[in-house]
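Here the structure is laid out as structure tokens; the discussion comes afterwards.
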Amino acid sequence: MKDILIRAVSILGLAGAVCVAASSVPGQAVTVTGSVQVVHGASNAGGKLDNASAVVWLKPASGAVSRSADGPASRPHFKIVQHHKRFEPHVLAVPAGSVVDFPNLDPFFHNVFSMFDGKRFDLGLYESGTSHGATFDTAGVCYIFCNIHPEMSAAVVVLDTPYYAVSNAAGEFSIPNVPPGRYFLFVWHERGKPQAAGEFPRDITIAAENATIRTIRLIDSGQLLVPHKNKYGRDYDPPKPGPVYK
């Protein structure tokens with residue numbers, strides 16, 4: 001009888017330990033999905049709209065965001081390639097503290113610069129096959145240009161949260177590893193604007209059984225970036241005529 005009682009107490013103790021362990025395990029992280037749709041406004045109509053390159057991000061309502069250890073070795077690296085007088089990708093989202101490299105794959109010189117207040121930099125003139133980079137520590141939208149080619153532009157969206165995604169051509173996005181909880185939802189698109197003032201940030205709750213965000217609709221503003229100055233604050237020189245091939 002004594003042995004039976006001991007075994008019973010052991011089993012109950014083990015069951016209690018399992019219950020405590022199970023109750024202390026936080027909710028499993030989920031993948032948050034959704035879509036962005038850019039629609040024509042009342043003042044502009046016609047033409048196909050691009051639902052790609054919308055940046056969607058979540059910030060915990062508690063304000064607490066887990067971060068990895070600081071330091072050069074822990075900084076994530078990203079890349080924007082200069083090719084065919086274009087920045088590829090045109091829109092890049094990165095967590096604050098990231099390094100973005102700008103390799104030059106064109107057979108001529110480029111000069112990457114930005115006049116963004118939170119991140120002003122000038123990578124100088126560099127030749128084909130070389131690469132320079134910049135560190136982005138301040139959250140915000142940083143517009144990137146080339147001091148030689150005015151048609152080149154890009155946007156680096158720097159975020160102070162690890163929960164973000166960029167929409168694809170269909171407007172779909174997927175944010176992985178999001179712990180269930182209450183968040184503020186933000187969205188940025190180069191030419192798509194919220195339907196109403198104050199619509200974002202939006203207060204939402206992410207749950208394991210409901211990790212889908214309803215379609216985010218933005219109004220097409222009808223324009224991309226306005227003409228810009230060079231890094232000296234002056235107009236670009238007129239393009240020089242190229243060679244004529246026969």
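Once all protein chains are placed together, residue 131 keeps about 60 Å² accessible to a 1.4 angstrom probe. Other residues with beta-carbon under 13 Å from the beta-carbon of residue 228 carry, at +1 per Lys or Arg and -1 per Asp or Glu, a net charge of +1. When nucleic acids and ligands are ignored and a 1.4 Å probe is applied, residue 50 ends up with an accessible area of around 90 Å². Averaged per residue, region 93-206 has 42 square angstrom of accessible surface, using a 1.4 angstrom probe with ligands and nucleic acids left out. When peptides 94-101, 142-149, 82-89, 205-212 are sorted by average Cβ neighbour count within 10 Å, with the highest value leading, the order is 142-149, 94-101, 82-89, 205-212.
Projected label points at residue 128 and residue 28, each 7 Å from Cα along the beta carbon direction, are separated by 5.2 nanometres. With θ taken as phi - 60° and the Karplus curve 6.51 cos²θ - 1.76 cosθ + 1.60 applied, the whole-hertz 3J(HN,Hα) list for region 97-113 is x, 7, 9, 10, 8, 10, x, 9, 9, 8, x, 8, 7, 10, 9, 7, 8 Hz, x standing for glycine and proline. Other residues lying with their Cβ under 13 Å from the Cβ of residue 57 contribute a combined charge of +1, Lys and Arg counting +1, Asp and Glu -1. Just so you know, the Rg over Rh for region 53-148 is 1.01, from Cα atoms, with Rh as the Kirkwood radius. Ordered by solvent-accessible area of protein heavy atoms (1.4 Å probe), largest first, the residues 152, 115 come out as 115, 152.
For residue 105, the accessible surface of its heavy atoms amounts to roughly 100 Å² (probe 1.4 Å, protein chains only, rounded to the nearest 10).
The values are calculated or read from the model by the stated rules, or taken from the named source; none is laboratory data. These numbers were taken from a predicted model, which means no experiment stands behind them. Here the Cβ is made from the backbone with ideal geometry for all residues, glycine too, and neighbour counts use every protein chain on show. Ligands, DNA and RNA are excluded from the accessible area calculation, which covers all protein heavy atoms including side chains. Shrake-Rupley method; radii C 1.70, N 1.55, O 1.52, S 1.80 Å.
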